[in-house]
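The block underneath contains the structure these notes are about, expressed in structure tokens.
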Amino acid sequence: MPDMDTIVSLCKRRGFVFQGSEIYGGIGGFWDYGPLGVELKNNIKRAWWKAMVQDRGDIVGVDAAIIMNPNVWRASGHVETFSDPLVECKSCHHRFRADQLKSDACPNCGNKGTMTEPRQFNLLFKTHVGPVEDDAAVAYLRPETAQGIFVNFLNVQQSMRRKVPFGIAQVGRSFRNEIITGNFIFRDREFEQMEMEFFVKPGTEDGWHDHWRDERLAWWRKTMNITDDHIRVKVIRREGTTIIGPDPHDVETEKPPHYSKGNYDIEYKFPMGWSEIEGIASRTDYDLTAHQKLSGKSLEYFDDETKEKYIPYVVEPAMGVDRAVLVALFESYQEEKVRDEKRVVLRLPKPLAPIKVAVLPLARNRPEIVAKAEELTVALRPHMMTVYDDSAAIGRLYRRQDEIGTLYCVTVDHQSVLADDAKYDGKVTIRERDSMEQIRVPIAEVKNVLLEKLSA
């Protein structure tokens, strides 16, 4: 597995991720996705949405507002309890989370015994709605997408005529004013989440909790091609913390959040150690009950079959898109020797690869070859993400496409278009990324051949 510096360098060099506001020195915890990063991110979101919504009949989607009535965050407990313990070094004045310090020495300057007493620091980003900045106009950027689902529970259930059990999914940006950010895009202040709230009858939540643990673990393995020794499940209960999977003794004891009776955390083995990439929480009826109490509006569900009224329990699989991008890059990055030269290849699974096909003219100084390559690029674009590149020699172009994970390179050469060439065959070369195997295909058949390969 590569180290973090290697992935950061790749992302900057090849247009996956840039430091936010870089020309002004950047700003901590905010990142901009470049052309390839956008494609990778969108492909991950599509894969999640397909698995969670499109392929199922019991989950629908919403897209709630980022800024909500501040009472939403009072009911959820974020205004009062969404905080981390903050300490400051009296010598260098750097600030840290007290619960992440390993000793009494400052991680920045090394001085011991210089930390202030911990104080709770609220992570909500505060703003104002309207022209007057007074207490009545205070609002917050949402710290999670889940509450937009809870406050729309009855709207969705009634308008879509859904029966429990059913789920509501959402993809969207969230904001947390983290004390410390770090490890590239792993911990940000602005990030994108994919969350689903699955509403179940009280008493059935434990079975559904296990169900979604298995479903989500299988999704990560399949979607990212993660090897067994790089992924595991942390079981978090009031009575203790255990591991299902590798390194069972490498675990820190945790307690479930206040709203949860228990969590399954799916963890990935990053260079910095095992870290959470998705949490599956058994949230009970905490959120719906809290919103019902503060709003005064009933959020009870009426079961037509049993004639019961109850507030559903909730099982929540929730993950961050940015961390998924990081997992995809780490798990796919490989270096190998080819003819005594280093070859870097990003072996992204087919659905995730930002670019499916690159069309490359062998000789950019031959108008006939360039024209045919451009024509082929235009023909392929409606069917798959396709780029045209003539900015270097063919060997260098292959290496560049390997490094960004492009699945297939289509090379147009003299034999493809020059009828007076002794070897003219009207075919192009299709090169596969992982094996580097090449085949000659008639130009008229290129689209169908590629579509068949992409769907295999």
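On the basis of being of a type in the set (S, T, N, Q) and surrounded by 16 or more Cβ atoms within 10 Å (Cβ to Cβ), does SER435 make the cut? Considered against the rule, which asks whether it is of a type in the set (S, T, N, Q) and surrounded by 16 or more Cβ atoms within 10 Å (Cβ to Cβ), SER435 comes out as no. The residue that is farthest from GLU336 (Cα to Cα), among those in the stretch 2-20 that are of a type in the set (A, V, I, L, M) and out of contact with any Pro (no Cβ under 7 Å at 6 or more places or on another chain), is VAL17. If you take the residues of the stretch 62-71 that are surrounded by fewer than 15 Cβ atoms within 10 Å (Cβ to Cβ) and under 16 Å from LYS293 (Cα atoms), which of them is farthest from the chain's Cα centre (by Cα)? Across the stretch 62-71, the extreme among qualifying residues is ASN71. Of the residues GLU252, GLU276, GLU239, GLU305, the single one that is in the same structural domain as ASP206 (by TED's automatic domain parsing) and surrounded by 13 or more Cβ atoms within 10 Å (Cβ to Cβ) is GLU276. Restricting the search to the stretch 383-395, which residues are without any contact (Cβ under 8 Å) to a residue 24 or more places away in the chain and part of a helix (DSSP H, G or I)? Scanning the stretch 383-395 gives a single hit, GLY395.
In the stretch 72-90, the residue that is nearest to THR145 (Cα to Cα) out of those that are of a type in the set (S, T, N, Q) and surrounded by 14 or more Cβ atoms within 10 Å (Cβ to Cβ) is SER76.
Residue count for the stretch 353-382, restricted to those that are assigned to a loop (DSSP other than H, G, I, E, B) and touching a Leu at 6+ places or on another chain (Cβ under 6 Å): 3.
For the stretch 121-141, a residue qualifies if it is surrounded by 13 or more Cβ atoms within 10 Å (Cβ to Cβ) and outside any loop (DSSP other than H, G, I, E, B), and the qualifying residues are PHE121, ASN122, PHE125, THR127, HIS128, ALA137, VAL138, ALA139, TYR140, LEU141. When residues in the stretch 404-443 are screened for being more than 19 Å from MET384 (Cα to Cα) and not small (Gly, Ala, Ser), 16 of them pass.
Checking TRP220, TRP208 one by one, the residue that is more than 30 Å from LEU299 (Cβ to Cβ), in the same structural domain as TYR301 (by TED's automatic domain parsing) and within 28 Å of the chain's Cα centre (by Cα) is TRP220 and no other.
Per this entry, ILE149 is not counted among residues that are closer than 30 Å to LYS269 by Cα, of a type in the set (A, V, I, L, M) and surrounded by 16 or more Cβ atoms within 10 Å (Cβ to Cβ). Taking the criterion of being part of a strand (DSSP E or B) and more than 25 Å from ASP188 (Cα to Cα), the only residue of the stretch 111-120 that qualifies is LYS112. Of the strands (runs of 3 or more DSSP E) contained entirely in the stretch 248-347, those carrying at least 2 residues that are modelled with pLDDT under 95 and either of a type in the set (D, E, K, R) or closer than 23 Å to ARG176 by Cα (or both) fall at 333-338, 341-346.
For every residue, the table says whether it meets (1) closer than 21 Å to ASP303 by Cβ; (2) crowded, with 19+ Cβ neighbours inside 10 Å; (3) under 21 Å from the mean Cα position of the chain (by Cα).
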{"position": "GLY182", "(1), (2), (3)": "no, no, yes"}
{"position": "GLU190", "(1), (2), (3)": "no, no, yes"}
{"position": "GLU197", "(1), (2), (3)": "yes, yes, yes"}
{"position": "MET224", "(1), (2), (3)": "no, yes, yes"}
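Scanning the stretch 422-432 for residues that are within 18 Å of ILE369 (Cα to Cα) and either surrounded by fewer than 18 Cβ atoms within 10 Å (Cβ to Cβ) or touching a residue at least 60 places away in the same chain (Cβ under 8 Å) (or both) yields a total of 5.
Filtering GLN193, GLN170, GLN147 for residues that are under 27 Å from VAL53 (Cα atoms), in a helix (DSSP H, G or I) and among the polar types (S, T, N, Q) leaves a single hit, GLN147.
Could you list all residues from the stretch 406-456 that are among the hydrophobic types (A, V, I, L, M, F, W, C), assigned to a loop (DSSP other than H, G, I, E, B), within 37 Å of the chain's Cα centre (by Cα) and closer than 18 Å to LEU362 by Cα? Within the stretch 406-456, MET436 is the sole residue that qualifies.
The values are calculated or read from the model by the stated rules, or taken from the named source; none is laboratory data. Predicted model, so just to flag it, every value in this text is computed and none were measured. Note that each Cβ is placed from the backbone with ideal geometry, even for glycine, and that neighbours are counted across all protein chains shown.
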